[in-house]
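Enquirer: Got a structure for you, questions after.
The values are calculated or read from the model by the stated rules, or taken from the named source; none is laboratory data. Everything quoted here is computed from the prediction, not taken from an experiment. When we count neighbours, we look across all protein chains shown, and the Cβ atoms used for this are built from the backbone with ideal geometry, even at glycine.
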């Protein structure tokens with residue numbers, strides 16, 4: 001009877017076809033996405049576990065190429081050109097491989113063939129980029145391989161690999177200047193005339209965070225030509241001036257911001273909550 005029952009169960013499973021493959025995987029799939037400035041970055045990979053095994057130098061051999069995950073090769077995608085640890089890499093999709101080392105910096109590889117499984121069909125001539133990166137030992141253990149982003153700001157971020165007690169960090173830097181200018185042109189073409197000052201101000205604010213201070217000042221000045229009643233505009237202008245080393249004028253514009261903010265407060269019967277912050281900036285700039 002047990003044999004007959006087993007046969008029936010096996011037949012039922014086989015009849016499921018593709019559906020029977022939707023079982024949990026030992027190394028589950030994962031995707032991590034992050035917007036860095038105006039660039040979309042994503043990593044699609046499988047997450048093997050430690051499972052009481054020795055990982056580095058054992059399961060993952062030193063000085064041999066590793067697929068940086070499990071199952072299908074790990075895929076990294078960039079929507080625009082970037083720099084990885086200062087080295088240029090074109091926009092596109094790449095498979096990620098790593099050559100760990102016990103004593104030396106590790107080799108990180110971005111390969112143009114994204115359809116690889118394992119490393120058997122890997123070809124070095126298809127590499128788009130190879131860089132050396134120093135791995136570090138952590139004070140904590142990561143059971144499953146994990147990719148994640150830290151230190152994310154307007155132009156760059158750190159992409160980290162953690163597994164067992166090793167961390168590997170890649171600095172991803174975007175080049176937003178041309179993209180920002182193109183986006184401003186598009187937004188200005190679409191904006192109503194009485195809203196264009198906001199487009200310039202938003203661009204100026206972003207430019208300051210993207211290390212484009214001089215361009216940001218030009219955009220902020222265009223904004224103020226069109227509209228002079230926003231207290232926030234003068235604060236953005238003051239910050240850009242300070243970033244450019246013009247502290248005297250920055251203080252002047254910060255005081256204008258406070259004045260405009262108080263006028264706004266009276267007109268709208270709401271408290272102006274940023275006077276202390278502005279005075280803090282003024283105090284800081286006055287010591288420069």
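Enquirer: Taking the stated definitions as given, is residue 93 more than 25 Å from residue 55 (Cβ to Cβ) and either touching a residue at least 40 places away in the same chain (Cβ under 8 Å) or surrounded by fewer than 15 Cβ atoms within 10 Å (Cβ to Cβ) (or both)?
Expert: Yes.
Enquirer: Limited to region 174-185, what total is found for residues that are outside any strand (DSSP E or B) and closer than 23 Å to residue 87 by Cα?
Expert: Going through region 174-185 one residue at a time, the tally reaches 6.
Enquirer: Right, another one. Check off (1) assigned to a helix (DSSP H, G or I); (2) more than 24 Å from residue 236 (Cα to Cα) for residue 171 and give me the number that stays unchecked.
Expert: Looking at each condition in turn, residue 171 falls short on (1).
Enquirer: Also, I was wondering about something else. For residue 165, state whether it is modelled with pLDDT under 95 and either part of a strand (DSSP E or B) or not assigned by TED's automatic domain parsing to the domain that holds residue 226 (or both).
Expert: Working: modelled with pLDDT under 95: no; either part of a strand (DSSP E or B) or not assigned by TED's automatic domain parsing to the domain that holds residue 226 (or both): yes.
Answer is no for this residue.
Enquirer: Collect the residues in region 264-274 that are touching a residue at least 12 places away in the same chain (Cβ under 8 Å) and either under 17 Å from residue 237 (Cβ atoms) or surrounded by fewer than 12 Cβ atoms within 10 Å (Cβ to Cβ) (or both), keeping them in residue-number order.
Expert: Answer for region 264-274, where residues must be touching a residue at least 12 places away in the same chain (Cβ under 8 Å) and either under 17 Å from residue 237 (Cβ atoms) or surrounded by fewer than 12 Cβ atoms within 10 Å (Cβ to Cβ) (or both): 264, 274.
Enquirer: Give all pairs with beta carbons closer than 8 Å in which a residue from region 114-129 that is under 17 Å from residue 91 (Cα atoms) and not assigned by TED's automatic domain parsing to the domain that holds residue 98 meets a residue that is at pLDDT 95 or above and surrounded by fewer than 16 Cβ atoms within 10 Å (Cβ to Cβ); count only pairs at least 6 apart in sequence or on separate chains.
Expert: Hits for this filter: zero, empty list.
Enquirer: Among the residues of region 195-208, is any surrounded by fewer than 22 Cβ atoms within 10 Å (Cβ to Cβ) and more than 31 Å from the chain's Cα centre (by Cα)?
Expert: Scanning region 195-208, I find no residue that is surrounded by fewer than 22 Cβ atoms within 10 Å (Cβ to Cβ) and more than 31 Å from the chain's Cα centre (by Cα), so the answer is no.
Enquirer: Are any of the residues in region 227-238 over 19 Å from residue 272 (Cβ atoms), in contact (Cβ under 8 Å) with a residue 24 or more places away in the chain and crowded, with 17+ Cβ neighbours inside 10 Å? Quick ask: steps written out before the conclusion?
Expert: Applying the first criterion (over 19 Å from residue 272 (Cβ atoms)) to region 227-238 yields none.
No, there is no match, as no residue in region 227-238 is over 19 Å from residue 272 (Cβ atoms), in contact (Cβ under 8 Å) with a residue 24 or more places away in the chain and crowded, with 17+ Cβ neighbours inside 10 Å.
Enquirer: Within region 40-61, can one find any residue that is assigned to a loop (DSSP other than H, G, I, E, B), touching a residue at least 24 places away in the same chain (Cβ under 8 Å) and within 30 Å of residue 209 (Cβ to Cβ)?
Expert: No, every residue in region 40-61 fails to be assigned to a loop (DSSP other than H, G, I, E, B), touching a residue at least 24 places away in the same chain (Cβ under 8 Å) and within 30 Å of residue 209 (Cβ to Cβ).
Enquirer: Please go through region 118-140 and give me each residue that is surrounded by 12 or more Cβ atoms within 10 Å (Cβ to Cβ) and at pLDDT below 95, ordered by number. Outline the logic, then answer.
Expert: Residues of region 118-140 that are surrounded by 12 or more Cβ atoms within 10 Å (Cβ to Cβ), as a first pass: 118-119, 122, 126-133, 135, 138.
Within region 118-140, 118, 119, 122 meet the criteria.
Here's the yes/no breakdown for (1) in the same structural domain as residue 117 (by TED's automatic domain parsing); (2) within 18 Å of residue 124 (Cα to Cα); (3) surrounded by 15 or more Cβ atoms within 10 Å (Cβ to Cβ):
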residue	(1), (2), (3)
28	yes, no, no
35	yes, no, no
47	yes, no, yes
50	yes, no, yes
59	yes, no, no
66	yes, yes, yes
74	yes, yes, yes
77	yes, no, yes
86	yes, no, no
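Enquirer: Right, another one. Given the criteria crowded, with 19+ Cβ neighbours inside 10 Å, touching a helix residue (DSSP H, G or I) at 6+ places or on another chain (Cβ under 9 Å) and touching a residue at least 40 places away in the same chain (Cβ under 8 Å), does residue 219 qualify? Spell out the reasoning first.
Expert: Values: crowded, with 19+ Cβ neighbours inside 10 Å: yes; touching a helix residue (DSSP H, G or I) at 6+ places or on another chain (Cβ under 9 Å): yes; touching a residue at least 40 places away in the same chain (Cβ under 8 Å): no.
So residue 219 does not fit the description; no.
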